[in-house]
1. Scan (1) within 26 Å of ILE136 (Cα to Cα); (2) open to solvent by 30 Å² or more (accessible area, probe 1.4 Å); (3) of a type in the set (A, V, I, L, M) for the single condition ILE29 breaks and write down its number.
2. Can you tell me how many residues within segment 58-87 are closer than 20 Å to TYR103 by Cα and within 12 Å of the chain's Cα centre (by Cα)?
3. Enumerate the pairs (first residue in segment 110-124 and in contact (Cβ under 8 Å) with a residue 40 or more places away in the chain and surrounded by 13 or more Cβ atoms within 10 Å (Cβ to Cβ); second residue anywhere and among the β-branched types (Val, Ile, Thr) and assigned to a loop (DSSP other than H, G, I, E, B)) with beta-carbon separation below 8 Å, excluding pairs fewer than 6 apart on the same chain, so at least 6 apart or on different chains.
4. In segment 58-94, how many are crowded, with 17+ Cβ neighbours inside 10 Å and either of a type outside the set (A, V, I, L, M) or touching a residue at least 60 places away in the same chain (Cβ under 8 Å) (or both)?
5. Of all residues in segment 88-139, which are farther than 24 Å from VAL63 by Cβ, among the small types (Gly, Ala, Ser) and under 12 Å from the mean Cα position of the chain (by Cα)?
6. If you take the residues of segment 38-57 that are under 25 Å from PRO97 (Cβ atoms) and touching a residue at least 24 places away in the same chain (Cβ under 8 Å), which of them is surrounded by the fewest Cβ atoms within 10 Å (Cβ to Cβ)?
Amino acid sequence: MKKIYRSVGAIIFYKGKYLIQHRDNKKSIFFPNFWGVFGGSVKNKEDKKKAISRELKEELNLVFKKPVKKLTLKISSNNFNPTRERTFYMCEPKIIPKKIRIYEGKTFAFLSFDKIKKLKFIPWDFSAISYHYYEIVKKHQILPKKK
């Protein structure tokens, strides 16, 4: 059976802006010094919803309502072996404190989609935010109508 590396990411949208993370500049991580969504690896035999809740607790120490699955991307390339499977969840915070402290990464920001487009962003995280923005925020018809 082909091995797949599974990870989860959180699309956190609050008052018209996305909560994103500026990743550390370490050669030992994927996409060092890029911006991306909060999230991480799914542990062996761990449920993906439990993984996103665990990751958000570890990285942000914030409480979120039940995560809602939005999108799963499979990334297969000569550069990424084994194949990557990244599942994105809409994660609505129960409350946003005045001060947020992150426990992983350089910093964080609440940014509009237009500002995110100008950043050095992890490609599949950007794809998920773009999908959310056009489908949910702008309410564009993404999929063609069935005949």
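The values are calculated or read from the model by the stated rules, or taken from the named source; none is laboratory data. The structure displayed is predicted, hence computed values, not measured ones. Cβ: placed from backbone, ideal geometry, glycine included. Neighbour counts: every protein chain shown. Ligands, DNA and RNA are stripped out before the accessible areas are found, and what is left, the full protein with its side chains, is counted by its heavy atoms. Shrake-Rupley method; radii C 1.70, N 1.55, O 1.52, S 1.80 Å.
1. (1)
2. 0
3. ILE122/VAL37
4. 14
5. Listed by number, the residues that qualify are SER127, SER130.
6. Going through the qualifying residues, I end up with LYS49.
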